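Working notes for the structure below.
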Amino acid sequence: MFTIAICDDHEVQLKLIGEAVDRYFAASSHLTYEVSAFSDPSAFLESLEASGGWDIVILDVCMPGMLGTSLARGIRQRHDRTEIIFLSVSREYAVDAFSVNAVHYLMKPFSQDDFNEAMNRAVSAFLAIKPRKLLLQIGNGTVKAVDIEDILYIESVAYRRVVHTADAIYEEARMTLAKLGEKLEELSPGQFIQPYRGYIVNLSAIKTISTDRIVMQNGDSIIIKRGDFRRLREQFFQWSFKAKDSV
């Protein structure tokens, strides 16, 4: 299912864009979707922080209080794999729009054909990336979507599940370590292993394996049982060759 967010401060435009989205997906019956609509940029940001990002975001450029390009920069700072379409009555902000890797800049008023072209680009780009995200509940009802490729390892510490990523550390407040392992296996079979009790490790994030420990790409070490070295090394080699073959 595609998650779509629309932000435009004019209610009429918001309705027109929503109807264009409906017509686009009606013609693509094999695709399912869900739309969230916002007339206030602040409400858009609040939802982004509370619930995580969307697959495709359609932003009006000129809105009171905040430009659509500023919203886009906020999305990019989160490292979300989101395709962005801008809408505007002027080409004035086109350069800024593409500086945040927008997939299309659509002029208002637009035809359905023009809109479909923008959506085709967004959908194709999104599917080409094949994002795989683990949804974490990190406290106070906040949900964070983390790309599994960014996860280094997860450890269980005093009944807490601590998720170490390339850029940050999150504490998962809801799922057990076993459930996290199941979710990761569903998203990418064979990529995550449990080398030692209380740990889940991303094979793609391992730097070296020795007889007594795994060293991650960020320098962190995870102890392993000496008798498990050969098994873990074989899993690491198999995954490494598989990853190379898929490139």
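The values are calculated or read from the model by the stated rules, or taken from the named source; none is laboratory data. Treat the numbers as computed from the prediction; the structure is a model and nothing was measured. Here Cβ is always computed from backbone atoms with ideal geometry, including for glycine, and neighbour counts include all displayed protein chains. Ligands, DNA and RNA are excluded from the accessible area calculation, which covers all protein heavy atoms including side chains. Shrake-Rupley method; radii C 1.70, N 1.55, O 1.52, S 1.80 Å.
Here are a few things to note about the model shown:
- Rg and Dmax over the alpha-carbon atoms of the range 10-138 stand at 14.1, 42 Å.
- Shown in residue order for the range 89-105 are the 3J(HN,Hα) couplings computed by the Karplus curve 6.51 cos²θ - 1.76 cosθ + 1.60 at θ = phi - 60°: 8, 9, 8, 4, 9, 4, 4, 4, 4, 7, 5, 9, 6, 5, 7, 6, 10 Hz (x for Gly and Pro).
- As a rough guide to protection, the peptides 193-202, 216-225 ranked by mean Cβ packing within 10 Å, highest first, stand as 193-202, 216-225.
- Electrostatic dipole magnitude of the range 91-247 [Cβ: Lys, Arg +1; Asp, Glu -1; Cα centre; debye, to 20]: 720
- An ellipsoid equivalent to the range 15-64, defined through the eigenvalues of its Cα gyration tensor, has semi-axes of 22, 14, 8 Å when rounded to whole angstrom and sorted largest first.
- Take the chain with all the other protein chains still there, run a 1.4 Å probe, and you get 52 Å² of accessible area per residue.
- Net charge, Ile209 excluded, C-beta distance under 11 Å - Lys, Arg +1, Asp, Glu -1: +2
- Semi-axes of the equivalent ellipsoid of the range 106-206 are 35, 16, 10 Å, computed as sqrt(5λ) over the eigenvalues of the C-alpha gyration tensor in descending order.
- Amide hydrogen neighbours beyond the local backbone of Arg174, cut-off 5 Å, H modeled: Gln137
- Semi-axis lengths, largest first, of the ellipsoid equivalent to the range 51-108 are 18, 12, 10 Å, with √(5λ) applied to each eigenvalue of the Cα gyration tensor.
- For the residues Val89, Val21, Val12, a GNM of the chain with alpha-carbon springs under 10 Å puts the largest fluctuation on Val12.
- Percent carbon-and-sulfur accessible area, the range 126-247, ignoring ligands, DNA and RNA, probe 1.4 Å: 51
- Couplings 3J(HN,Hα) for the range 16-33, derived from phi with the Karplus relation 6.51 cos²θ - 1.76 cosθ + 1.60 (θ = phi - 60°), are 5, 5, x, 5, 5, 4, 4, 5, 4, 6, 5, 7, 10, 5, 7, 9, 10, 7 Hz, where x marks Gly and Pro.
- The antiparallel fraction among DSSP beta bridges confined to the chain stands at about 60%.
- Vicinal HN-Hα couplings computed from phi for the range 229-240 (Karplus, 6.51 cos²θ - 1.76 cosθ + 1.60; Hz; Gly/Pro x): 4, 4, 4, 5, 4, 5, 4, 5, 5, 4, 5, 4
- Other-chain or far-sequence residues with amide H under 5 Å of Gly52's (modelled H): Val143
- Structural descriptor for the range 24-96: relative contact order 30 percent, calculated from alpha carbon pairs under 8 angstrom and at least 6 residues apart.
- Amide H contacts for Asn101 (H built 1.01 Å from N in the peptide plane; partners 5 or more residues away or on another chain; cut-off under 5 Å): none found.
- The chain - percent relative contact order, Cα under 8 Å, separation 6 or more: 11
- When the Cα atoms of the chain are aligned to their principal axes, the ranges along those axes come out at 67, 40, 33 Å in descending order.
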